[in-house]
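Heads up, the thing below is written out as structure tokens.
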Amino acid sequence: QFFVFCHGLLQLSQLLLSGYLKSSISTIEKRYGLSSQMSGLLSSFNEVGNTLLIVFVSYFGSRVHRPRFIGSGAILVSLAGFLMALPHFMTGPYEYDQSVASTFSNATDLCQPGDLGSWANLSDATCTPHATRKNVEVLLVMFISQALVGIGGVPIQPFGISYIDDFASERNSPLYLGILFSVTIIGPGVAFMLGSAMLQFYVDIDKLSGDEVQLTHENPRWVGAWWLGFLVAASLVALSAVPYFFFPREMPKEETSPCRGGFPLVLLRNLRHPVYLLVVLAQVNISAMVAGLATFMGKFLERQFSLTASLANMIIGAVNIPGATVGIMVGGAILKRFQMSLRQCSAMCVLGMSLCLLMAFPLLFLGCPTQKVAGVTYSDSSQFGPHELECNLQCNCPEKAYNPICGSNSIEYISPCSAGCRAVNTHEHNNSVLSYTNCSCISQDGLPGSAKPGTCGTGCSHLFLPFVVLSCLSGILASTAHTPSFMLILRSIQPEDKSFAVGIQFMLLRVLAWMPGPVLYGSAIDTTCILWEKRCDRNAACRYYDNTLFRQRYLGLQFFFEVGAF
């Protein structure tokens with residue numbers, strides 16, 4: 001029971017670290033100019049290191065001191081977590097408006113005829129060889145860190161699950177595993193709550209004073225302190241690793257088994273087992289769905305319902321993930337209460353997924369339309385592009401300017417310059433922007449109109465609550481199949497193959513689900529982008545999506561994988 005407690009704590013800490021990346025992925029995209037496909041690849045790259053070693057490490061599970069291997073892996077995960085925060089200290093302050101570099105003033109983004117040359121020179125400063133090399137170094141450090149997270153996590157789950165199942169009674173094993181899986185799910189939940197807290201601080205909190213920060217949380221250019229969470233999570237993993245160096249090695253069942261066989265024979269024996277193979281393939285579909293949802297659900301909520309990154313993470317951490325935890329605990333409790341056979345476990349999995357499909361289907365139709373953005377999603381005969389409207393041609397607006405404002409006509413503009421605004425009203429105490437006025441592109445009673453800073457939003461907040469409720473219920477129902485599916489694997493294979501079979505299972509999940517899942521979702525999301533940020537003539541982060549296509553392709557993939565698991 002103490003080992004179950006320690007292992008739950010370690011997996012919570014480990015998934016707090018890996019889950020925190022997912023909670024801050026949209027912020028990292030914005031900070032370093034990444035596409036969703038690239039951020040999806042970064043999110044899944046920890047599976048590369050894990051996949052290369054997990055089968056071989058699991059095969060030798062009966063010949064090594066499993067708890068010490070788990071502790072050593074956790075130490076490596078902790079070091080990788082600290083490494084993940086390093087890019088923040090490698091780079092200078094965040095320049096949220098490339099058109100003006102670091103020389104920000106409230107008048108910079110206004111319509112200023114004849115100033116195109118100075119804007120162009122400043123924006124080109126970010127494309128120097130030094131700046132390009134620094135961006136490459138940042139990505140390299142992040143990918144290496146993710147690979148080390150995967151390598152360090154190799155022994156944690158296979159050795160932990162087999163160690164528990166070896167020494168627990170058959171009656172209590174499902175309950176212990178259910179508790180373990182529930183605590184494991186809490187890890188990403190806490191990660192999203194941690195992300196919600198950390199992203200409320202400005203990214204350069206260690207470099208700038210509060211008075212020097214011109215942005216608010218609601219501004220689309222805001223970047224939170226994504227790196228702080230990695231320092232917290234890495235510290236917790238290191239502390240959780242300590243007890244493992246004091247657990248005994250005892251594995252009498254596996255060490256005395258006379259029929260283990262060689263590596264190829266054991267591998268073939270497990271892959272030819274029909275129950276084992278079918279259950280793993282079902283788990284591949286579920287894992288691919290979860291990988292994509294966990295990585296981009298925050299971004300989806302931000303774009304669909306005009307939420308801040310902090311609020312989106314809070315919803316996921318406080319509602320969706322606890323719902324999945326409840327489902328796993330209920331599944332484990334039902335197994336313990338009714339002592340289900342393998343056939344009954346299978347029936348329970350089918351029932352849970354069937355009800356999940358019914359709850360998830362309406363989500364395809366619950367969402368918001370794309371906001372009206374002048375020259376991007378909304379145009380008339382006088383508009384030629386986001387920065388070139390007939391009413392602002394004399395302003396010579398820079399192409400890279402991005403400071404969204406919402407006009408009094410309920411149309412969004414890329415920047416005050418693109419709306420033809422020539423004046424700004426600021427707060428007398430903190431110099432923050434209150435409104436932009438004398439905007440030639442915004443008509444108000446035949447006169448130039450005004451605008452407020454920030455986006456107009458999508459304007460369908462009434463659909464947010466039904467979406468959250470249905471997504472939470474579908475997650476609960478799908479999660480009830482989690483523990484029964486694991487028991488199908490553990491009870492259908494030979495006892496001496498447990499560690500190895502679980503290792504093969506996690507390898508297949510990583511190769512077929514956790515590695516390609518986020519990349520597939522990210523690629524699908526990128527196809528819905530309608531305006532890209534440009535950095536050195538390449539596409540960087542997406543500024544505006546077609547919300548309807550985003551919802552259909554993102555949730556359509558979820559529905560596809562649910563049907564595949566069923």
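The values are calculated or read from the model by the stated rules, or taken from the named source; none is laboratory data. If you're wondering where the values come from, they're calculated on a predicted model, not measured in any experiment. Here the Cβ positions follow ideal geometry from the backbone for every residue, glycine too, while neighbour counts run over all protein chains shown. Accessible surface areas use protein heavy atoms only, side chains included; no ligands, DNA or RNA. Shrake-Rupley method; radii C 1.70, N 1.55, O 1.52, S 1.80 Å.
With R₀ set to 25 Å, the beta-carbon distance separating Val64 from Leu281 gives a calculated FRET efficiency near 0.30. Beta-bridge orientation, region 372-456: approximately 90 percent antiparallel, per DSSP, counting only bridges with both partners inside. Taken about its Cα centre, region 380-536 carries a charge dipole of about 500 debye when Lys and Arg each add +1 at the Cβ and Asp and Glu each add -1 at the Cβ. Once both labels are positioned 7 Å from their Cα atoms along Cα-to-Cβ, the gap between Thr548 and Glu428 label points is 4.8 nm. Listed cross-link partners Lys30/Lys452; Lys207/Lys400; Lys30/Lys207; Lys22/Lys134; Lys22/Lys336; Lys452/Lys534 are compared with a 27 Å cut-off, the Cα-Cα value being larger for Lys22/Lys336. Shape verdict for region 467-566, please, from the Cα gyration tensor: rounded (a/c under 1.5), prolate (a/b greater than b/c) or oblate. Oblate, since a/c reaches 1.5 and b/c is not below a/b. Sorting 23-29, 324-330 by their mean Cβ neighbour count within 10 Å, with the most densely packed peptide first, gives 23-29, 324-330. Each residue, Leu465 and Asn438, gets one label point 7 Å from its Cα in the Cβ direction; the gap between the two is 4.5 nm. For region 438-566, carbon and sulfur atoms together expose 62% of the accessible surface, with a 1.4 angstrom probe and every protein chain in place. Each of Val232 and Lys534 was given a label point 7 Å from its Cα along the Cα-to-Cβ line. The distance between the two points is 3.9 nm. Each peptide among 136-148, 472-484 gets the average number of other Cβ atoms lying within 10 Å of its residues, and from highest to lowest they stand as 472-484, 136-148. Packing order of peptides 231-242, 292-303, highest average first: 292-303, 231-242 (average count of other Cβ atoms within 10 Å over each peptide's residues). Each principal axis of the Cα cloud of region 372-456 was evaluated for its coordinate range; sorted largest first, these ranges are 41, 31, 24 Å. Gain on full extension, evaluated as 0.36 nm per residue between Asp206 and Ser410 minus their Cα-Cα distance, stands at 69.7 nm. On full extension, the segment bounded by Thr216 and Leu342 gains 39.9 nm, given 0.36 nm per residue less the C-alpha separation.
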